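Below: one structure, written as structure tokens.
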């Protein structure tokens with residue numbers, strides 16, 4: 001069975017970069033009829049917060065990315081300790097004591113000597129007496145001893161990858177304070193939970209190489225890996241500087257529709273044409289991980305608004321009636337209201353804006369050169385209630401009386417009644433205008 005997972009850290013809100021990883025893993029599992037696990041990476045007790053666990057679940061539920069089960073790494077510390085003990089037993093785990101400052105000095109010396117800044121394994125040459133003395137001064141932490149050979153795998157996006165382990169520092173798996181780090185926790189979890197496919201960002205490629213060796217050392221089989229390209233801003237700038245404005249909850253607050261966001265993210269960076277999907281089944285059916293490329297992928301939040309508008313424009317009245325009622329529209333006017341404004345909203349929030357215009361009136365926009373014309377025309381507008389024929393009958397009479405026609409006739413009247421240059425068909429909108437401020 002295909003099993004995938006999304007493993008966010010509860011140290012902040014999910015952003016679009018996280019979503020790309022979550023969505024790909026979700027779609028792979030659903031297309032194969034497999035299992036999608038939400039795994040909370042909460043091994044850091046100082047930075048992990050329960051409010052972010054709740055926020056992660058809330059954001060995924062909003063998007064419809066339902067999980068089959070939730071796992072928490074903080075509840076699996078015994079399993080990580082067992083794995084660490086096994087690595088010690090087979091001589092692949094060793095204790096080191098360098099401070100960050102000492103490691104930085106080593107790296108600078110290596111770079112000055114034109115050597116790669118790889119950890120020199122000084123910890124392996126320490127005697128027990130030296131280790132005991134160092135433990136009195138500082139906490140020791142633990143590194144995995146890599147076999148210096150090529151690590152190879154076929155990546156489902158990048159293709160064949162080969163990394164010389166000698167060019168990589170032995171990874172730290174347990175910190176001096178005892179905190180288990182992601183590299184070993186993920187290895188143990190993926191194998192224990194039967195994860196068959198792992199999709200994550202291209203910045204994890206080296207990390208994947210070390211994890212493959214850890215899995216092999218523990219007697220585990222590695223899952224299939226795929227590393228998607230990283231997102232940039234619309235001009236190719238680093239997106240990380242803007243992620244604070246791209247949290248999913250911010251997009252939700254802005255009125256972006258889940259299916260518009262998912263449709264965009266499910267095709268972004270692939271060879272498939274961008275298209276709006278109406279439901280999750282359509283999204284799942286059209287997804288192919290192998291169609292994604294390796295080049296940095298440009299993301300522009302501005303692309304989401306027209307997609308949201310297009311999605312909403314496809315709604316029948318029954319699809320959005322509750323939102324219309326919530327906007328304050330009376331039941332007897334609700335369907336007519338939707339028929340008028342349905343093609344003129346960008347987000348659901350616009351429903352309330354349109355109803356306010358209809359129920360309270362709009363501030364008229366009247367150009368100086370049109371003031372006399374508008375005053376004369378409004379004097380000819382019959383008192384309500386108006387119907388679908390009122391606009392045509394009225395404007396025909398105004399044309400006859402003033403000689404105006406075309407844009408010179410219709411645009412000043414639209415601006416006076418709605419305060420806008422564009423909008424719904426006025427013959428349909430006029431009957432819903434309960435207040436006309438320009439006539440007051």
DSSP beta bridge pairing in segment 84-235, given as percent antiparallel to the nearest 5: 70
Alpha-carbon centroids, segment 69-121 and segment 301-319: separation in whole Å: 49
Max mean-square fluctuation residue, GNM over the chain, Cα-Cα springs under 10 Å, options 265, 113, 193: 113
Approximate shape of segment 227-352 as ellipsoid semi-axes (Cα gyration tensor, √5λ), whole Å, largest first: 32, 17, 10
Least to most buried among 141, 26 (fewest other Cβ within 10 Å first): 141, 26
Prolate/oblate/rounded label for segment 63-202 (Cα gyration tensor, a/c 1.5): oblate
For 177, 120, order by how many other beta-carbon atoms lie within 10 Å, fewest first: 177, 120
Projected label distance in nm at residue 216 and residue 315, using a 7 Å step from Cα toward the beta-carbon: 5.4
Among 386, 15, 228, residue whose mean-square fluctuation peaks in a GNM of the chain (springs only between Cα atoms under 10 Å): 386
Burial ordering of 325, 225, fewest other beta-carbon atoms within 10 Å first: 325, 225
Segment 294-357 - Rg and Dmax from Cα coordinates, angstrom: 14.5, 54
Theoretical FRET efficiency, 1/(1+(r/R0)^6), r = Cβ-Cβ of residue 253 and residue 425, R0 22 Å, to 0.05: 0.10
Of 370, 190, 350, the one that fluctuates the most in a GNM where the chain has Cα springs shorter than 10 Å: 370
Fraction of beta bridges assigned by DSSP in the chain that are antiparallel (%, nearest 5): 50
Rg(Cα)/(2.2 N^0.38 Å) for segment 317-439, N = residue count: 1.08
Order by protection proxy (mean Cβ within 10 Å, highest first), peptides 183-189, 70-76: 183-189, 70-76
Ratio of the Cα radius of gyration of segment 352-401 to 2.2 N^0.38 Å, where N counts its residues: 1.31
C-alpha center-to-center spacing [segment 368-425, segment 22-67] in angstrom: 55
Bins of 20 Å from zero: percent of alpha-carbon pairs in the chain: 20, 39, 23, 14, 4, 0
Helix-only mean residue ellipticity at 222 nm for the chain, each DSSP H run of n ≥ 4 adding -39500 (n - 2.57), per residue, nearest 500: -13500 deg cm²/dmol
Principal-axis tilt of helix 128-137 within the chain, Cα atoms, nearest 10 degrees: 40
Translational diffusion coefficient (Stokes-Einstein; Kirkwood radius from C-alpha pairs) of segment 225-288 at 25 °C, 0.890 mPa s, in µm²/s: 184
0 to 90° range, to nearest 10: angle between helix 100-112 axis and the chain longest Cα axis: 90
Prolate/oblate/rounded call for segment 1-44, Cα gyration tensor, a/c under 1.5 rounded: oblate
Cα long-axis angle, helix 371-380 against the chain (0 to 90 degrees, to the nearest 10): 70
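Where a number appears in this text, it was derived from the coordinates with a stated rule and is not lab data. Owing to the predicted nature of the structure, the values given are computational and were not obtained by experimental measurement. We place every Cβ from the backbone using ideal geometry, glycine too, and count neighbours over all the protein chains shown.
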